[in-house]
Amino acid sequence: MVNDRLTTTLAALADPTRRAILARLCTGETTVTELAKPFDMSLPAISKHLKVLEHAGLIARGREAQWRPCRLEASPLKEVAEWVEHYRRFWEDSFDRLDEYLTQLKSKERKHGRHHRRRRRT
Amino acid sequence: MAVTTDAAAGREIVASRVFDAPRDLVWKAWSDPKHIVQWWGPKGFTTTMQEMDFRPGGTWRFVMHGPDGTDYQNKIIYREIVKPERIAYSHVSGPLFEASVTFSVQGDKTRVEVRMVFESAELREKVAKDFGAVEGLHQNLDRLEQHLAKM
C-alpha cells in the first residue's frame, strides 16, 4: 500500500510553504515570481520548494526559458487520498462491527449476571 | 468516528471512536482471539485466526478473506501490552506500519484511538533486521525453556 512514490509525495506535502504553493496552483498555472509574492522568502528558496514538488510529480513546469509557468499535477494527490480511504474504510467498518459485537457481549454478560445472582440467592 | 492523516507529522493515520461499553469489555474484544475475529476488518470480510500469542514479542498471524475471494495474509508482532490501557504492535507483513491502540475511560464509555505510522523506505530494512533479531531471541529463549524442562 505504501510505495516509494507515496513516501515521496507525503514528504513533499510535509511542509506548509509547499502546501500553500499547491493551494495557490489549484486556481491555475502561474509564474515563479507570482508564486513567491505571498511568501517572505527569496526566489531561490521558493525555487528549492518547487524542485521538491516537481520531483514528487506534484507540479509540472513549462519548457519556455523565460516563461516557465507552474501547474498542479493531481495524480499523486489522488494516491494519497486512496491510501487514506483504504484505512478509513478499514477502521470505520471494523469499529461499526466492534460496536455491534460489544452490544452482544454486554447483553450476554447481563444475562449471565442475572443467572449468577439468582443462583446465589437459592 | 474520525480518521485523519497528518502529512506534517509524516505518514500517520489516526482513527478513533467512543464505544458504549466498559473498558474491560472493550479490552476483552481486542485481546481474546475468539472475540477479535468477530469484528476485525471491513464489511464483507472474514478472518481466520492462525496464531495469537497476546504478550509483548508475541506473534499474531491471521488471514483476511475479502468478499471477492482474495486472501490477505497478515502478521503482527505485539510490542507492548499494558492491560487495559494500551496495545502497541508492528505490522510486519506488507504494508509495514507501527500501530498503537489506546483505551481510555470516558464515564461509562470507552474511547479507542488507533495510530498507525507507516515506515519510509529507508526505515524498512532496519525494522526488518530488528524484528529478525527480536524473533530470533524469542525462538532461542523458547528452545532454552524446552531444553530446561527436559533436564
For A:D99, the lone unmet condition from (1) within 14 Å of chain B (Cβ to nearest Cβ); (2) touching a Leu at 6+ places or on another chain (Cβ under 6 Å) is (2)
Kindly indicate whether any position in region A:56-68 is in contact (Cβ under 8 Å) with a residue 12 or more places away in the chain, within 14 Å of another protein chain (Cβ to nearest Cβ) and under 30 Å from B:H91 (Cβ atoms). yes
Can you pull out every residue in region B:92-113 that is touching a residue at least 24 places away in the same chain (Cβ under 8 Å), under 19 Å from B:W39 (Cβ atoms) and not hydroxyl-bearing (S, T, Y)? B:V101, B:F103, B:K109, B:R111, B:V112, B:E113
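Only one of A:R97, A:R71, A:R88 is assigned to a helix (DSSP H, G or I), charged (D, E, K, R), touching a strand residue (DSSP E or B) at 6+ places or on another chain (Cβ under 6 Å) and on the phi < 0 side of the Ramachandran plot. Can you tell me which? Working first, answer last.
On the way: A:R97 fails: touching a strand residue (DSSP E or B) at 6+ places or on another chain (Cβ under 6 Å); A:R71 fails: assigned to a helix (DSSP H, G or I).
Just one listed residue meets the conditions, A:R88.
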Just one of the numbered conditions (1) surrounded by 15 or more Cβ atoms within 10 Å (Cβ to Cβ); (2) at pLDDT below 90; (3) farther than 30 Å from B:V92 by Cβ is not true of A:I21; which one? (2)
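Across region A:6-29, which residue is nearest to A:A81 (Cα to Cα) among those that are part of a helix (DSSP H, G or I) and of a type in the set (V, I, T)?
Taking region A:6-29 as the starting set, the residues that turn out to be part of a helix (DSSP H, G or I) are A:6-13, A:16-25.
Retained after the next criterion (residues that are of a type in the set (V, I, T)): A:7-9, A:17, A:21.
Working: A:T7: 13, A:T8: 14, A:T9: 11, A:T17: 20, A:I21: 19 Å.
Among those that are part of a helix (DSSP H, G or I) and of a type in the set (V, I, T), it is A:T9.
Results for (1) hydroxyl-bearing (S, T, Y); (2) over 13 Å from the mean Cα position of the chain (by Cα); (3) assigned to a loop (DSSP other than H, G, I, E, B); (4) under 23 Å from A:Y101 (Cβ atoms), shown as yes or no for each residue.
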{"position": "B:W39", "(1), (2), (3), (4)": "no, yes, yes, yes"}
{"position": "B:E51", "(1), (2), (3), (4)": "no, no, no, yes"}
{"position": "B:F54", "(1), (2), (3), (4)": "no, no, yes, yes"}
{"position": "B:M64", "(1), (2), (3), (4)": "no, yes, no, yes"}
{"position": "B:I81", "(1), (2), (3), (4)": "no, no, no, yes"}
{"position": "B:F103", "(1), (2), (3), (4)": "no, yes, no, yes"}
Flagged in region B:11-37 as within 9 Å of chain A (Cβ to nearest Cβ) and either of a type in the set (D, E) or in a loop (DSSP other than H, G, I, E, B) (or both), in numbering order, are B:R11, B:D20, B:A21, B:P22
Within region A:69-78, does at least one residue satisfy the condition of being among the hydrophobic types (A, V, I, L, M, F, W, C), within 14 Å of chain B (Cβ to nearest Cβ) and either loosely packed, with under 14 Cβ neighbours inside 10 Å or farther than 30 Å from B:F103 by Cα (or both)? yes
Tell me, which residue of region B:81-135 that is farther than 20 Å from B:S31 by Cβ and of a type in the set (S, T, Y) is modelled with the highest pLDDT? B:S93
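The values are calculated or read from the model by the stated rules, or taken from the named source; none is laboratory data. All values reported here derive from a predicted model rather than from experimental measurement. Cβ: placed from backbone, ideal geometry, glycine included. Neighbour counts: every protein chain shown.
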